[in-house]
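Below is one structure, written out as structure tokens; comments come after it.
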């Protein structure tokens, strides 16, 4: 299928923020090409045992819904209102102050009022009022209530798949209402009648069966990692081990599969391999738990649990002491806020202790999983790594706080600490666009597909423009992040808005600077780009 | 449309209240029956709503973190924006409730030279805080009608509130503040196109109702003085369950009362319940200590998983071929 043509950046930035004449309830949704994602295929739905597998696409008139779709949705809503205080509360307490409106990157990038978090939530609230509150039942529209119709369902689909669950609005809401939570509920409801997107269901189906989103089979994983080891040898002269499914290893390492599949994630993965080799870590990859990411988070809580279960199960089977997790965004939301609750307690593991520094990771004493930037920052702090930051002198780097490590963990200092020790040229973006106020890449939560490209470029525009500013001011040519989805989506985003800026993980930068025992003199960075002429090269 | 409907609703209320003043029976109803009815609806409704929320469990600890987490000992944490323990949570909630911390973060985005720029926008925070605090002070000041002898702190509060002694009777600062705050909130809703677009009837009506209460109160204090002794007798009558219908107390007072009772009855069934809801939100009132302490989900439903055995059964030959260890040869 061919993709819709994206407007030129200069046209895209001409955004109208004036709401339309008609009230939003009376404004029909147009499925404009470039702004929505393909439906989940029957094959993926069947593989996961999800309801209503069929062939359909969002612009179709007939979505082939089950006969009793309305009862299913309303029953699903009732159930979730009873199971989640968050959901019930968020349906009730909003005062529509509008503080969230211009905090959403999709609203900033599209000007579509239904992309204001408050209205995105009202899409669901209006139906909630109609069927679950007395005032809504009695006064209907006057009480902000409306009937659930097929058009409403389509509207939900369009807008709940135009939210990346980044939680920026939640940081600004005076009540802390979290749009991600509402979007998650909306998507769960849509899933009940088989309305989902393939960029979520296919990876989830793959992950369920093969252990990772990309559907890479055991041999493939080994080949890819070995291939990286070859590349590392080529760049550094050091041959690194690639332990896989090794019983009795001390640490199980889990990272998003994007890291061993495609550039520029692979360079980050090479960074992990080099680091672990250099410090002599007794660890192992797993092919069964070969995915840190969890696209279940973008479909339902049940799916989160189904996909996440493998990590603890594999840790138990391999008999490791604790788990180390790679650079990923939503993966860490799951590990931080869901894993232990869903699939714990991990009482068969030990409280994580760094075998090199003896540091006890007390903040992970229950979940027993440590973030690699915490691990590496601790190594640097204790002088366990020899770093030569001048090898990164051709790189002028800025750091993008990925949404989930920022607003679901608060992982701000560790990655900066590593970058500051691995690079000599680090520049922060504008204060309102980093840390807890960080802006989304525009392609998280399953929206990073190519058919949705216009919406991604719109949603990512605020982030891109903040990069553009530091590019112009400081000559920044590298955007570092700790998220595999970012590494993929920010690359397209930079190509569109800020050409000349490349994207990488923090451990790629670290590995560039890492002085390894027995290495040859490095002439290139991990990408094979020459190191000589340590000046800024705009065409990098 | 929603604005118009709410204006009409408030107007009808005013006329109704004014009408009541002319009928003895209705006056009795308003001053002797409705207070209890409104108060009961308020209390029962309020509790009902809170119980409804509290009954729903919190399956996951979904704190929104707005500062550095507690991790390595040498990294400075931000316990108020990202609490890892109870005291931090209490601090965070206190900042949220007393100072509207999150709203203080507010920015305004504008596209300037083809680029979004985030300007500081503390107006909503400022006027919101002004409104809520002055409302609290005014409610507390009104206790002087319900307590005899008047508690010294209530008198003290009134004295401070009227510190500048502008005019006779003294203009209370909280009165001026609430009027300013309310006007801002209302005008903002009407003037800013995006906010107008999202506004429902309830949004306008709640504001207008409170505006009605405030303006009638001000009218009585400064233009059509009500007989304070009568008012106090009435209020004490309510408290002691022996209400007496006051005489010659004035139409404005009746309208004031009418607005207050409607507000009380309206409160629990409207968005005004955010007053209670703000305390219950799991994104704010939970510590970000998920990896330290396991959070329990009361309905942790079992799910279908894909076991290692199933995985190896499918890929055993390929794993062996790749030289990967297997459980069963």
field: Between 0 and 90°, nearest 10: helix B:86-99 axis offset from chain B longest Cα axis
entry: 40 degrees
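To the nearest 0.05, how large is the calculated FRET efficiency for residue A:5 and residue B:108 if R₀ is 35 Å and r is the Cβ-Cβ distance?
That gives a FRET efficiency of 0.60.
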- prompt: Points 7 angstrom from Cα along the Cβ direction at residue B:33 and residue B:50: gap in nanometres?
  reply: 3.0 nm
task: Enter the Cα centre distance for the pair the range A:403-430 and the range B:151-218, rounded to the nearest angstrom.
output: 44 Å
message: Between 0 and 90 degrees, rounded to the nearest ten: what's the tilt of helix B:123-141 against the longest Cα principal axis of chain B?
response: 50 degrees
query: Which value in nm describes the separation of the simple spin-label points at residue B:316 and residue A:134, placed 7 Å from the Cα toward the beta carbon?
result: 6.4 nm
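Using r as the Cβ-Cβ distance of residue A:427 and residue B:97, and R0 as 41 Å, what FRET efficiency do you calculate, to the nearest 0.05? It would help to have the intermediate numbers written out before the result.
On the way: r = 38 Å, r/R0 = 0.92.
According to the calculation, E is roughly 0.65.
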message: Connecting C-alpha atoms closer than 10 Å in a GNM of chain B, tell me which of B:259, B:315, B:22 has the biggest fluctuation.
response: B:315
query: If you line up the long axis of helix B:228-239 against the longest principal axis of chain B, both from Cα atoms, how many degrees apart are they, to the nearest 10?
result: 50 degrees
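For the range A:414-509, which semi-axes, largest first and in whole Å, follow from the square roots of 5 times the eigenvalues of its Cα gyration tensor?
On the way: eigenvalues 91, 41, 30 Å².
One finds semi-axes of 21, 14, 12 Å for the range A:414-509.
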field: Alpha-carbon centroids, the range A:262-322 and the range B:7-64: separation in whole Å
entry: 55 Å
message: Quick check: Cα centre of the range A:166-230 to Cα centre of the range A:76-107, how many Å?
response: 22 Å
- request: Compute the Cα gyration tensor for chain A, then decide on rounded, prolate or oblate, letting a ≥ b ≥ c be the square roots of its eigenvalues: rounded whenever a/c is under 1.5, prolate when a/b is larger than b/c in the other cases, and oblate in all that remain.
  value: prolate
- prompt: Most mobile of B:231, B:117, B:214 per a Gaussian network model of chain B (Cα springs, under 10 Å)?
  reply: B:117
Residue of B:136, B:13, B:182 that the Gaussian network model of chain B assigns the largest fluctuation, springs spanning Cα pairs under 10 Å: B:136
- prompt: What nm distance separates the two modelled labels at residue B:247 and residue B:14, each placed 7 Å from Cα along Cα→Cβ?
  reply: 3.0 nm
Rg followed by Dmax, in Å, when chain B is reduced to its Cα trace: 27.8, 100
task: Would you kindly work out the equivalent ellipsoid of the range A:205-513 from its C-alpha gyration tensor and give its semi-axes, the square roots of five times the eigenvalues, largest first in whole Å?
output: 28, 23, 19
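Bear in mind these aren't lab numbers, they're just calculated from the coordinates by the rules spelled out. Please read all numbers here as calculations on a predicted model, not as lab measurements. Note that we place each Cβ from the backbone using ideal geometry, even for glycine, and neighbour counts take in every protein chain shown.
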